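Step one of this worksheet: look at the structure below.
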Amino acid sequence: MTIDGPAVVVVGAGYEGKRRCYERLAALGARLVIVDEPGHWSESLADQIAGTQWLATPISGDPDADAAAVLGTLERSGVRPDGVLTFWEDRVCEAARVAVAMGLPGNPPEAVDAARSKVRTRELSARLGLPTPMALRVDGFESLPGVYKLVRAVVTPEHDTIFRAGSDLLLEQYLDGVEFDIDLVLQDGACVFSSVSQNWPTAEPSFQETGLHLPPDHDKKAVRELVDLSVRTVQSFGFRRGVLHVEGKCTRSGPRVIEVNARMGGARIHQMVEAVWGVDLIEAQLRSCLDLPQELMPSRKPRCAVVNAVVYAPATGQLADLPFTQVAPEADLGVELDIFAEAGQEVAGPDHTFATVLAELTLSGKNLRHARRRAAQVLRDPPRILPA
């Protein structure tokens with residue numbers, strides 16, 4: 001499918017791995033206007049993707065102020081877009097405000113704000129009578145000395161720009177069970193597509209993600225109940241359209257939503273969903289922001305299985321080698337390697353709680369057993385770390 005040349009404003013381009021999203025939007029026929037802060041890597045896309053315009057706008061972390069800045073930049077540049085979107089979690093609140101201000105399709109800022117804040121998510125879910133974990137604010141160091149100090153050290157704008165908008169901590173009830181990612185497509189308030197990825201057990205005590213696979217192989221009834229709760233939650237929040245990413249668990253007490261993200265899932269999730277179900281989430285988001293009807297034709301059965309594995313530093317020291325990087329990438333999610341570290345780099349192991357992410361492997365197989373076996377073969381030689 002090719003859409004005939006609409007101008008689409010991208011509010012915040014995110015990390016460099018999202019380049020794939022913008023290349024796909026351009027291939028679908030969109031003319032991109034990317035708005036991001038000065039010095040951002042995405043400025044290079046103006047030269048690399050035909051018809052793309054890049055505009056610099058200062059970012060403070062305040063959604064109202066940043067949306068006003070984006071609107072001012074667009075007005076001064078004479079840009080009259082046909083749609084507004086973002087694939088970047090940091091900018092979902094601003095994108096919703098820009099769309100409303102310009103009279104373009106989008107979800108209500110109130111719904112997006114509620115999803116963006118864990119506190120608001122919990123409060124609204126409780127008011128709506130939706131199953132939700134118990135939670136309370138952690139406002140003092142004395143509450144949880146060890147953990148608080150550890151987490152507080154990394155919850156800073158210097159560590160991640162997402163914390164410009166705030167760095168409050170929330171103490172929540174621990175949820176047992178298996179975690180899932182649920183990717184939804186809404187049209188006129190109805191869910192027209194859902195895809196479920198099953199997360200692997202996280203690394204303890206940091207809860208760092210270790211990987212996932214799709215389709216899931218968990219109890220079908222439990223998964224279906226979690227999908228139903230996810231759909232009811234986003235609908236109750238006020239979401240009406242677009243691609244959303246919900247994270248939740250199947251617990252002994254039933255399904256529970258952990259968080260709602262007012263954007264498409266990150267990393268290579270759109271490629272995984274397309275490989276398994278034949279649904280292009282990027283096209284779905286583009287159609288939504290242009291108020292075009294969805295034309296989804298998902299496969300009735302999984303076309304393959306996909307595994308995504310996260311590789312962490314097994315020890316603290318200097319990274320000497322990543323043997324699996326010698327594997328050549330293949331087409332159609334045969335083997336995809338995203339490398340985040342290089343030889344000679346100092347890395348942290350599990351003894352530092354938050355281990356350094358070295359790489360992510362994504363690949364497909366004819367079924368889950370086949371995909372797991374292929375992943376084990378690629379990763380059979382672990383990273384080599386020289387003692388510090």
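Just a few scattered comments:
- Taking other residues whose beta carbon is less than 12 angstrom from the beta carbon of Cys21, and scoring Lys, Arg as +1 and Asp, Glu as -1, yields +2.
- Only one of (1) 46; (2) 23; (3) 18 was calculated from the structure for percent of Cα pairs over 38 Å apart, and its label is (3).
- Tensor-based shape of the stretch 1-76 (alpha-carbon gyration tensor, a/c under 1.5 rounded, otherwise prolate or oblate): prolate
- Environment charge at His213 (Cβ cut-off 11 Å; Lys +1, Arg +1, Asp -1, Glu -1): 0
- Considering only Arg369, Arg116, Arg300, the mean-square fluctuation computed in a Gaussian network model of the chain, springs between alpha carbons under 10 angstrom, is largest for Arg300.
- Accessible area (Å², per residue) of the chain, counting only protein heavy atoms and a probe of 1.4 Å: 47
- For the pair Thr210 and Val100 in one chain, pulling the backbone fully straight at 0.36 nm per residue adds 35.8 nm over the alpha carbon distance.
- If you run the Gaussian network model on the chain, springs between alpha carbon atoms under 10 Å, then out of Ile182, Ile49, Ile34 the most flexible one is Ile49.
- Gain upon complete extension [Leu144, Phe354; 0.36 nm per residue less C-alpha separation]: 73.8 nm
- Solvent-accessible area, 1.4 Å probe, carbon plus sulfur percent, for the stretch 232-331: 46
- All other residues whose Cβ lies under 10 angstrom from that of Val98 are scored, Lys and Arg at +1 and Asp and Glu at -1, for a net of 0.
- Number of Lys pairs (Cα under 22 Å; 8 or more positions apart or on different chains) in the chain: 8
- Carbon plus sulfur fraction of accessible area for the stretch 73-119, probe 1.4 Å, in percent: 47
The values are calculated or read from the model by the stated rules, or taken from the named source; none is laboratory data. This one's a predicted model, so the numbers in the text were calculated from it and none came from an experiment. Neighbour counts run over all protein chains shown; Cβ positions are idealised from the backbone, glycine included. Accessible surface areas use protein heavy atoms only, side chains included; no ligands, DNA or RNA. Shrake-Rupley method; radii C 1.70, N 1.55, O 1.52, S 1.80 Å.
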